[in-house]
Structure formats: structure tokens, C-alpha cells
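Heads up, the thing below is written out as C-alpha cells.
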Ligand code: SAM
């Protein structure tokens, strides 16, 4: 019945997240990662039961003190409320409400030694979160989302990032923004590598050390359409040996990004 808790629960819906520019992250690790990354914690909630253990209590109290010092609120609550907020049985004992932020489109530039990962209309929140986590782990400059995508600040996507959401810039680009960027990319000495089931280039043969590098991934159902494919100077195929038609988007992203990392990312 607590109106504050009600409004936090309402953040499960995208329209409320967009209106409030707030979202929910589960767990102590994500709260700490968010603070380390300079994100604003609007409210930190934690279950009283988590403070039974002395060491945990001290850690949570110091986390709460940091949140307060940076202008956030702290609510001591219980497991039932956290379950209701996260819509999960066995909810984590710590939940934070964070201010959502994306970097400006102009952050994605072909200047310098950069490697951007660009996702065309990614639809699955688990894929998006896993890709953001992988991109962070492999040292990609940032992740750009083109066109209509799944909500990056939804519970499932945030959960799948495991804190990497706070480590690298996340940018939204319209399709027109992306196509203009792709034009600018040419002539800077690097590549735009699109991954495509009809790709003519074996992904293992690409010179990923040539920068700036842009890796473009297609939509889960439709892949890259002709215009998006034409924006690339290389279309790479990850050779497959079995009966599967294609790889899962997040897996394909991991493979190409790992190849890029192994060759100079
Ligand atoms: N039906 C879609 C198609 O025809 O492209 C399948 C898309 S696949 C599930 C999603 C994305 O993962 C593709 O657009 C591509 O970016 C990447 N992908 C998956 N398997 C790939 C492969 N073997 N080689 C290159 N890219 C691949």
C-alpha cells in the first residue's frame, strides 16, 4: 500500500520508466556497479533480513551512506516488497532505482582507435543484456541501438547485463543517424563489418586491427535488410557446420567480438 513502493513497482512498465526516467536494478553488485559508473541511485531498497549478518549489515550501511551522500533515498523494507517490485520469487535482498541515461548519438564517431558494436532492431531483452555484458567483457568502446529495439532498461535486459550496463556508453540511433554515420565512417581507414548469413567473407580472415571498427549485427528474425547490408564494407559469415540455419544473435556477437579482440581490439 505504500505509495512510494507502488510507484517503484510501476517501473516494471516501460511507459512509466520512460515518464519517470527511472528503472530498477536487482542486487547489491548492480547498485555498486551503478555508483562506480557514476550513475544516479534515486532510491536504494534493502531487506531488513539482510542485516542479520554483521558483515553484510556493515556493507549495506556503507552502501546506503554512499547513496545518501549522492542525493538518493534509502528504504529499509522486506523480502515480500522486493519480490513484488522485481516480480521474482527469491528476490535479491537489495534493489536500486536508478536514473536512466544514454549517451548522445554524437558519441559514436569514426575518430580514433574505436570499436563500436551496433545492433539493428534487437528485440529480445535477454539477448540485449547478454550482448552489453559481452561487449564490456571484450573491451568494445560502446554499444549503439538502431531503430525500434527492446527496452534496455527493462528488468530482464538489466539483469542480463550483470552490471556491464554501467561500464560502457549506450547510444540510441535512428536508422537515418546510423546510415549517415556509416557514410562518415568510410575513408577513416577502418571497416564496417556487417554479420550476415549471406556474407562472402569468412569472419576469421578480417583485419580487425584496422580502426575505427564498427561491428553491425542484424535483427533476430529478419537479419540485416539490403540497405543496412549495403552500408557495410565487409559482410562476414561465421561458418557453421550443423543443421542450424543461424546462430543466436548474442552468440554470433560474442564470436565476432572475440575474433576482433583476438586480432587487435
Ligand atoms: N533469419 C535471419 C536472417 O536471415 O538473417 C536470422 C538472423 S540471426 C538469428 C541474427 C543475427 O545474428 C544475424 O542478422 C547476424 O547478424 C548474426 N548471425 C547469426 N548467425 C550468423 C552467422 N552464421 N554468420 C554471420 N552472422 C550471423
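The values are calculated or read from the model by the stated rules, or taken from the named source; none is laboratory data. Note that the coordinates shown come from a computational prediction; the quantities given were computed from them, not determined experimentally. Here the Cβ positions follow ideal geometry from the backbone for every residue, glycine too, while neighbour counts run over all protein chains shown.
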statement: For the range 220-246, pairs from a residue that is touching a residue at least 60 places away in the same chain (Cβ under 8 Å) to a residue that is assigned to a helix (DSSP H, G or I) and surrounded by 10 or more Cβ atoms within 10 Å (Cβ to Cβ), with Cβ under 9 Å and 6 or more apart or across chains, are 220/127; 220/249; 228/175; 228/178; 228/179; 228/182
query: Taking residue 86, is it under 30 Å from residue 263 (Cβ atoms), within 24 Å of the chain's Cα centre (by Cα) and away from the ligand (no atom under 16 Å from the Cβ)?
result: no
- line: Among 236, 229, 209, the single one that is closer than 20 Å to residue 178 by Cα and outside any helix (DSSP H, G or I) is 236
- prompt: Looking at 9, 17, 21, which is the one that is surrounded by fewer than 20 Cβ atoms within 10 Å (Cβ to Cβ) and within 13 Å of residue 95 (Cα to Cα)?
  reply: 9
query: Looking at (1) more than 27 Å from residue 176 (Cα to Cα); (2) out of contact with any strand residue (DSSP E or B) (no Cβ under 8 Å at 6 or more places or on another chain); (3) modelled with pLDDT of 95 or more, which is the one condition that is false for residue 264?
result: (3)
task: Collect the residues in the range 215-256 that are away from the ligand (no atom under 11 Å from the Cβ) and in contact with a helix residue (DSSP H, G or I) (Cβ under 6 Å, 6 or more places away or on another chain), keeping them in residue-number order.
output: 231
query: Would a scan of the range 148-169 turn up a residue that is outside any loop (DSSP other than H, G, I, E, B), within 16 Å of the ligand (Cβ to nearest atom) and buried (at least 21 other Cβ atoms within 10 Å of the Cβ)?
result: no
message: Take the conditions in a helix (DSSP H, G or I), surrounded by 13 or more Cβ atoms within 10 Å (Cβ to Cβ), in contact with a strand residue (DSSP E or B) (Cβ under 7 Å, 6 or more places away or on another chain) and touching a residue at least 24 places away in the same chain (Cβ under 8 Å) and apply them to residue 45. Does it pass?
response: no
message: Going by what's in this entry, would residue 193 be described as touching a residue at least 40 places away in the same chain (Cβ under 8 Å), surrounded by 13 or more Cβ atoms within 10 Å (Cβ to Cβ) and within 16 Å of the ligand (Cβ to nearest atom)?
response: yes
- prompt: Got a sec? Which strands (runs of 3 or more DSSP E) wholly within the range 61-147 have at least 1 residues that are touching a helix residue (DSSP H, G or I) at 6+ places or on another chain (Cβ under 7 Å) and under 23 Å from residue 176 (Cβ atoms)?
  reply: 115-120, 142-146
- prompt: Based on what the data block shows, is residue 199 more than 7 Å from the ligand (Cβ to nearest atom) and either assigned to a loop (DSSP other than H, G, I, E, B) or under 19 Å from residue 131 (Cα atoms) (or both)?
  reply: no
